[in-house]
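Reading through the structure tokens given below for one structure.
The values are calculated or read from the model by the stated rules, or taken from the named source; none is laboratory data. Just so you know, these numbers come straight off a predicted model, no measurement behind them. Every residue, glycine as well, gets a Cβ built from its backbone with ideal geometry; the counts of neighbours run over all protein chains shown. Keep in mind that these areas ignore ligands, DNA and RNA; they rest on the heavy atoms of the full protein, side chains included. Shrake-Rupley method; radii C 1.70, N 1.55, O 1.52, S 1.80 Å.
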Amino acid sequence: MPDLSTLLIQVLVILVVARLVGWLFRKIHQPQVMGEMVAGILLGPSLLGWLFPGVSTALFPPASLGFLNSLSQVGLLFFMFLVGLELNPENLHGRRHAAVLTSHVSIILPFLLGTLTALYLYPRLSDDRVKFVNFALFLGTAMSVTAFPVLARILTERKLLRTQIGAVAIACAAVDDITAWCLLAGVVLLVRASANITPLWITLFGSAAYILAMLLIVRRVLSKLESAYQNRGRITKNLMALILVLIFVSAWVTEHLGIHALFGTFLMGVIMPKHKDFVRALSDKLEDITVVLLLPLFFAFTGLRTSIGLLTGIEMWFYCALIIAVAIAGKFGGATISARLAGMSWREAGAIGVLMNTRGLMELVILNIGLEIGVISPAVFAMMVLMALITTFMTTPLLELIYPARLRHRDASSPVVARAASGTLRSAPLFR
Amino acid sequence: MFLVGVPVLAVSGVLRVGERLRPPIFVGGTWNIEQAAPTDADSLCGDSLINPNRTILTISQSGSHLTLMLNDENRTTFAGEIRDASIVATITRLTSDPSLDAQGFSPASVEFHATVERSSESDRLLGALTSRDCPTSALTSFTATRLAATAIKEK
């Protein structure tokens, strides 16, 4: 039984450090969430455990981490629901060609480069418990991710939402998110099937049936939630309880089908009614407790698992640099080239590439799943956490370089996409 | 079509080629070390590192790179590699122990050697700790068996 006072101290320390480092990062024009991710690393074995091992062990005794993990997992369930809730097919309105081309190429190219890199890394950083197919597909998926919520936050802060670039980037990120989660569900399915955790046919048929039922039946039933909201003018406690039950049922079903609980909550968010006021009201109910309290716990738990000390010697740092270089080349390169082919100028295409290269929190979620199912080792996990931090950190300064403020202001005053951009994203409430 | 179709074909080619690759064998996890029957040649240094009453060895593996942690309390740590079925690791951290200093023993000189024996029932490590600085310059040999997850919880 976990000690309550230990847990309270842990939450207290994590919250204070996360807010403090987040504030410092805002001072250097980085998103708050970037600072919170770094705060998690600072509290782990990479800094606190390295400098003050006694303090680290007293603050985060191994026996207490299970409870911290459970809390952070609940936070992730809500977070993925909110990400799904924010996704809206209207994001593609009027930009279908550029968005579809850019998003597909910006997934398939890093995916291909990720699997190619796996050919080199698998004999060096994996072991015979992991099949090459699982390792390669996971690496490809992890390279393909774009952090929709962090991207939305950066677009809002840089006043890019009303530009063509912002609109295309957010549409692409939405498509990327859905595709990346489907890919990840496939990888989890393969790994669990090869470990005989859930029979493959149950997972395959069950997942297909569940997704179809959610899209064709549950989605229609859920439209009544919106009616109930409009009748009362607010989300009542009973309505909120019902939504929470639906979130947890969906998580439970997908977890038991073998494609991970997070996929279930994400899917539930995707099929929720998309009326602007309903989404805003629901986000407001869940967002603060998720983003301010529970996600920093997830960052801290990720930090506790991230041991940069495992990267010993030039060889390991070379692998780390290779992963970062491949991730940037695939995502930045793929998105830039495809945006250019879709008719954008090189400068605009470059800005799209920089934005799509933002991996942030979504990458951390995927990496934690990879570590849990044993498809990546702790050292690869640490390397890819560094990759996630670096690709997210570089977005703002690179964007400033490629697409400076004067051009952003000029494009923002153009009426090209103002309606769709402001109407569909609801000013990026996540990480507001 | 070209931008998506060609990479998809390439990915399937990569997956096919990669099936032939052979990664290092898996030795990660928690092992229960027991000292082999002591002999006159057994080193005092090794005795100090391995408690005959069951010592836990935790191995963190990333490919051929290994981090080994001995003893839950002292946290003696080694870093090393696995090549085929052989593990060689050198010590990277040892909690200060006055009894070791009194023996004129430098922790930095300790090496961990083991061979992996795989079986369908349970994998085993057969190994030894060596030290150039030990007064007897001899080995402390041990065997280790992998602990199942449930056994780890019970401990």
Answer from A:ILE271, A:ILE308, A:ILE314 - the residue that is on the phi < 0 side of the Ramachandran plot and within 21 Å of the chain's Cα centre (by Cα): A:ILE271
Residue satisfying all of: in region A:40-58; under 16 Å from A:PRO296 (Cα atoms) and hydrophobic (A, V, I, L, M, F, W, C); surrounded by the most Cβ atoms within 10 Å (Cβ to Cβ) among these: A:LEU43
Among residues of region A:106-121, those that are open to solvent by 10 Å² or more (accessible area, probe 1.4 Å) and either closer than 18 Å to A:VAL191 by Cα or facing chain B (nearest Cβ under 7 Å) (or both), counted: 6
Filter pass, A:ALA147 being away from every other protein chain (no Cβ under 11 Å), open to solvent by less than 60 Å² (accessible area, probe 1.4 Å) and without any contact (Cβ under 8 Å) to a residue 24 or more places away in the chain: no
Close pairs (8 angstrom Cβ cut-off, 6 or more residues apart or separate chains): more than 7 Å from chain A (Cβ to nearest Cβ) and farther than 29 Å from A:ASP127 by Cβ in region B:1-26, among the hydroxyl-bearing types (Ser, Thr, Tyr) and part of a helix (DSSP H, G or I) anywhere: none
Residues located in region A:252-275, provided they are open to solvent by 20 Å² or more (accessible area, probe 1.4 Å) and part of a loop (DSSP other than H, G, I, E, B): A:LYS274, A:HIS275
B:THR95 vs. criteria within 14 Å of another protein chain (Cβ to nearest Cβ), more than 16 Å from the chain's Cα centre (by Cα) and either surrounded by fewer than 21 Cβ atoms within 10 Å (Cβ to Cβ) or modelled with pLDDT of 60 or more (or both): yes
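Looking at region A:284-298, is at least one residue over 23 Å from the mean Cα position of the chain (by Cα), open to solvent by 10 Å² or more (accessible area, probe 1.4 Å) and more than 30 Å from A:LEU48 (Cβ to Cβ)?
Of all residues in region A:284-298, those over 23 Å from the mean Cα position of the chain (by Cα) come to none.
Checked against the condition, which is being over 23 Å from the mean Cα position of the chain (by Cα), open to solvent by 10 Å² or more (accessible area, probe 1.4 Å) and more than 30 Å from A:LEU48 (Cβ to Cβ), region A:284-298 yields no hits at all.
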Which numbered condition B:VAL88 fails, given (1) open to solvent by 30 Å² or more (accessible area, probe 1.4 Å); (2) at pLDDT 90 or above; (3) within 9 Å of chain A (Cβ to nearest Cβ): (3)
Residue count for region A:122-139, restricted to those that are open to solvent by less than 10 Å² (accessible area, probe 1.4 Å), in a helix (DSSP H, G or I), touching a residue at least 40 places away in the same chain (Cβ under 8 Å) and facing chain B (nearest Cβ under 7 Å): 1
Region A:299-323: number of residues that are open to solvent by less than 10 Å² (accessible area, probe 1.4 Å) and among the aromatic types (Phe, Trp, Tyr): 2
Residue check, A:ARG347 assigned to a helix (DSSP H, G or I) and free of Cβ contacts under 8 Å to residues at least 40 places away in the same chain: no
Flag if A:MET387 is out of contact with any Asp or Glu (no Cβ under 7 Å at 6 or more places or on another chain), away from every other protein chain (no Cβ under 14 Å), within 24 Å of B:PRO7 (Cα to Cα) and surrounded by fewer than 23 Cβ atoms within 10 Å (Cβ to Cβ): no
